[in-house]
Amino acid sequence: MIDIQLTGLVKEFEVGRRILDGFSLQVDEGERVGLLGKNGAGKTTIFRILTGQVDPDEGTVAIAPGKRLGLISQIPVYPLEYTVEDVLDRAFDPLHEMEREMEALAARMGESPSPEVLARYDKLSSAFEAGGGYDTQTRLNKVCNGLSIDADMRARLFSALSGGEKTRINLARLILEDTDILLLDEPTNHLDLSATEWLEDYLERFKGTVLAISHDRWFLDKVVRRVVEVHDGRAELYSGNYSFYVEEKERRFQERLKQYEKEQAKIAQLEEAAENLRLWAFKGMDKTYKRAKSMEKRIERMRTTDKPTKERKLTTRFGEREFHGDEAMVIDHLSKSFGDRTLFSSLNLEVAGGERIALLGDNGTGKSTFLKIIMGEELPDEGTVYLGPSVRIGYLPQVIHFDRPDRNLVDTMLYAQNCSTQEARDRLAAFQFRGEDVFKQVSALSGGEQSRLRLCMLMDSKINFLILDEPTNHLDIDSREWIEDAVAEYGGNLLFVSHDRYFIEKFAQRIWMLEEGKITDFQGTYSEFRAWRDRQTQLKNAARQAAPEPAKPKEDKSKRPGGTKELEKQVRAAERAVEKAEVRLDELAQEMEEASSDYLKLQDLYAERENLEDELAHLYTEWEKLAAELEEAK
């Protein structure tokens, strides 16, 4: 069954500049499709067309009838007094509506029951239970735990959250709604590693259809099974994940290049032949002249194939300063708290020259604060950070700040870098700031563009210790690869915070995992660290399973009051309690069947059954324990 059918979409926002130019795509039920392309290629426009926010100039859009479609980047506006809990609860609006109608029907049945009212109530009751109406709190807690939405955040006003936090709440709401088709626009941008992995696991179990725009290459490899690249307003299809896409795209490029080169060789051959025919034609051979003209027309027809090109790679690199000494940085008993909340305490770490370290941890654990202390922007409560005398730091913060955001890009480079106008433009061009873009005000740039500009400025600095805080956030894949090229060429110390697992795997040779106020210091790559963590978990689980029950001291039966008789009495009492609870459970099942048309009573019976099941589990445990003791005593 087809869930999404887009045919011949055309969209212009500026006259003569088509964002989409005949874009067509079919997504079948249950598919996992990644939508790739440069920033500005039209990916978000496709999502906006799918959700009805924008109409195409030409083409058709078809969504399978009855399918619910949810978009993560679309954050609804809620009343100012709404808390996060209120927003999340909106996911259950259809269930709440059923609940209200059931309450109204229950009241009518109490006054004057009729077959129509009873039938409607029974239908609603079945739908309510099938839709998880009695299980909403459990589902809510599971999703909140997975996306790190704690009790404090659930109590906060939604309007007071950051854009990233609102995105995370919106994702949780969409998941709780059981949407049939998920449109995910950069879903991992504001998630930490554990929340991203939770989302990946959720999507693996999700039975619906997923269409995702993402620059997270690890996420794309894990989640999508087909890639669609938006290129020149059309769809280029790749039947595999991101890694397959990269290899297949290169193979197609090489194939097109060979075809182009073959055509060029043929053109050169024909041009030479046409030139010879022209020379002979000058000697009065009219037929030869006609053949030459015919051959030239053939050559012109062959010139229609453009030479295939790739995106221009980053051509500049970090300026480096030579490092002298054994230790680049020493951290001694470093501690930091905010009020009653301790971020980290008594950290002791040493960094040698040339090391590349990834600082990892969940959001809110203190990674950015840790970097700010190193940079001297934040003071520690205790401890010191020592930097070697030859160390010179280059720093890319998570939140970019420019002293004069009213300046354009060229002037910003001129004032900060002490270079000529041509040098400034050349450096900006290396970071894809070309033409009229260089005269934009810095304040008009997107977050990703500001990161790119700051990196461009860092490139000229003579540094030997590079600190990056989320360097690939908000960047498309091409921009991430430019940064990776620059970092790969850089030979000094590197300390970075990132949730981009491709970036981490490529550069980290040492992992600092910040959790519960401590840093786990692991020498090795990210994959090796993950494998080590998995082994540690397995060993702990195996040790728990293999550990013998602690030996219970044998009781002196002669000193036990009542001896075995007392135990037998306790066992019989436990048996009676279990029997009584089991009888009551049977009675509840009968009462629930009889009360199927009484919603209020049914709710009370469900609650009693849940409490009784918990009590029965405890009674079973107590009875087994007493029975074992009685067996030993005999």
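Using the Cβ-Cβ distance between residue 536 and residue 93 with R0 = 56 Å, the FRET efficiency computed as 1/(1 + (r/R0)^6) comes to roughly 0.80.
Computed from backbone phi, the HN-Hα couplings of the range 130-143 come to 5, x, x, x, 8, 10, 5, 5, 5, 4, 4, 5, 4, 5 Hz, rounded to whole numbers (Karplus: 6.51 cos²θ - 1.76 cosθ + 1.60, θ = phi - 60°; Gly and Pro given as x).
Legend: calculated FRET efficiency, residue 434 to residue 527, from the Cβ-Cβ distance at R0 = 41 Å, rounded to 0.05, equals 0.60. When Rg and Dmax are taken over the Cα atoms of the range 374-432, they come to 16.1, 48 Å. If you fit an axis through the alpha-carbon atoms of helix 286-302 and take the longest principal axis of the Cα set of the chain, what angle between them do you get, 0 to 90°, nearest 10? Once rounded, one gets 30 degrees. Across the range 357-401, Cα-Cα pairs farther apart than 17 Å form 40% of the total.
Compactness of the range 41-166 was expressed as the Cα radius of gyration divided by 2.2 N^0.38 Å, which yields 1.42.
At the residue level, residue 474 shows approximately 90 square angstrom of accessible surface with a 1.4 angstrom probe and all protein chains present. Between the range 1-74 and the range 137-185, the alpha-carbon centres lie 25 Å apart. Ordering 159, 174, 119 by Cα displacement along the dipole of the range 93-176 toward the positive end leaves 159 in first place; charges were set at the Cβ atoms of Lys, Arg (+1) and Asp, Glu (-1). Solvent-accessible surface of the chain, taken per residue with a 1.4 Å probe and all protein chains present: 54 Å². Straight-distance candidates among the aspartates and glutamates for linking to residue 249, with alpha-carbon spacing under 16 Å and chain neighbours fewer than 8 residues away dropped: 221, 229, 232, 236, 311, 478, 481.
Summary of packing: across the peptides 440-448, 182-190, 578-586, the per-residue average of other C-beta atoms within 10 Å ranks them, highest first, as 182-190, 440-448, 578-586. Measuring with a 1.4 angstrom probe and ignoring ligands and nucleic acids, residue 532 comes out at about 70 Å² accessible.
Taking every pair of alpha-carbon atoms in the range 303-443, give the share separated by more than 28 Å as a whole percent. Cα-Cα pairs of the range 303-443 separated by over 28 Å account for 44 percent.
Along its first, second and third principal axes, ordered by size, the chain spans 130, 77, 50 Å in Cα coordinates. Around the amide H of residue 392, modelled in the peptide plane, lie the amide H atoms of 464, 465, all under 5 Å away and 5 or more residues distant in sequence or on another chain. Here the Kirkwood formula puts the hydrodynamic radius of the range 178-257 at 13.8 Å, using every distinct Cα pair. Using equal-weight Cα scatterers in the Debye expression, the normalised intensity of the range 113-220 in log10 at q = 0.18 Å⁻¹ is -0.94. For the chain, the antiparallel share of DSSP beta bridges with both residues in that region comes to about 55%. Considering the dipole of the range 152-278 built from charges on the beta carbon (Lys and Arg +1, Asp and Glu -1) around the Cα centre, which of 244, 212, 257 is farthest to its positive end? It is 212.
For the range 21-97, the residue among 35, 79, 64 whose Cα projects farthest onto the positive side of the dipole built from Cβ charges is 35.
Measuring against 27 Å, Cα to Cα, the residue pairs 11/310; 569/601; 11/297; 38/266 contain 569/601; 11/297; 38/266 as the ones spanning a longer distance. Here the chain exposes an accessible surface that is 48 percent carbon and sulfur, computed with a 1.4 Å probe and the other protein chains kept in place. Comparing Cα centroids, the range 201-251 and the range 340-398 end up 36 angstrom apart.
Rolling a 1.4 Å probe over the protein heavy atoms leaves residue 123 with an accessible area of roughly 140 Å².
Taking θ as phi - 60° and the Karplus parameters 6.51, -1.76 and 1.60, the scalar couplings of the range 19-27 work out to 6, 10, 9, x, 6, 10, 7, 10, 10 Hz in sequence order, x denoting glycine and proline. Remark: the chain carries a charge dipole of roughly 3420 debye about the Cα centre, counting +1 on each Lys and Arg Cβ and -1 on each Asp and Glu Cβ.
The values are calculated or read from the model by the stated rules, or taken from the named source; none is laboratory data. Being a predicted model, the structure only gives us computed values, none of them experimental. Because the Cβ atoms are built from the backbone with ideal geometry, glycine has one as well, and the counts that use them run over all protein chains shown. All accessible areas refer to the heavy atoms of the entire protein, side chains included, with ligands and DNA or RNA removed. Shrake-Rupley method; radii C 1.70, N 1.55, O 1.52, S 1.80 Å.
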